[in-house]
Amino acid sequence: MPEERRELSLPPDVEINGGTEILRLFVTDGALSLTMQRAFAAPEMWGQLLAELARQVAEVYGRETPIAAEQALAEIRLALEVAFDRLETERGALN
């Protein structure tokens with residue numbers, strides 16, 4: 001039987017001002033499932049978005065777990081570097 005779908009509420013400022021959803025991300029069967037649209041003219045804006053997302057995720061860990069936000073951010077950053085290195089290795093193997 002499929003797991004119940006659980007969605008987040010809209011942020012309060014979006015409720016008031018509107019906005020454009022650019023990324024919808026779910027975990028299903030232990031894997032990521034997403035839909036997105038480009039949204040920015042320059043790809044480096046996605047880097048800024050990912051950095052801001054990492055900061056906010058780390059703050060959540062700092063509030064909700066014994067892990068300090070600074071430690072969580074360091075671990076997220078390290079995991080990103082490892083993941084990017086793996087992607088580059090896999091891309092090199094495909095070329």
Could you identify the single residue in GLU64, GLU70 that is under 26 Å from ARG5 (Cβ atoms) and of a type in the set (D, E, K, R)?
GLU64
Residue under evaluation ARG24, criteria (1) modelled with pLDDT under 95; (2) charged (D, E, K, R); (3) in a strand (DSSP E or B), criterion not met
(1)
Condition check: out of contact with any Ser or Thr (no Cβ under 7 Å at 6 or more places or on another chain) and basic (Lys, Arg). Does ARG38 satisfy that?
yes
Qualifying residue in segment 71-90 (condition: under 20 Å from SER9 (Cα atoms) and among the β-branched types (Val, Ile, Thr)):
no
Which condition from (1) hydrophobic (A, V, I, L, M, F, W, C); (2) within 24 Å of ARG77 (Cα to Cα); (3) out of contact with any helix residue (DSSP H, G or I) (no Cβ under 7 Å at 6 or more places or on another chain) is the one that PHE40 breaks?
(3)
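The values are calculated or read from the model by the stated rules, or taken from the named source; none is laboratory data. From a predicted model like this one, the values you see are computed outputs, not experimental measurements. Please note: Cβ atoms are built from the backbone with ideal geometry, for glycine as well, and neighbour counts cover all protein chains shown.
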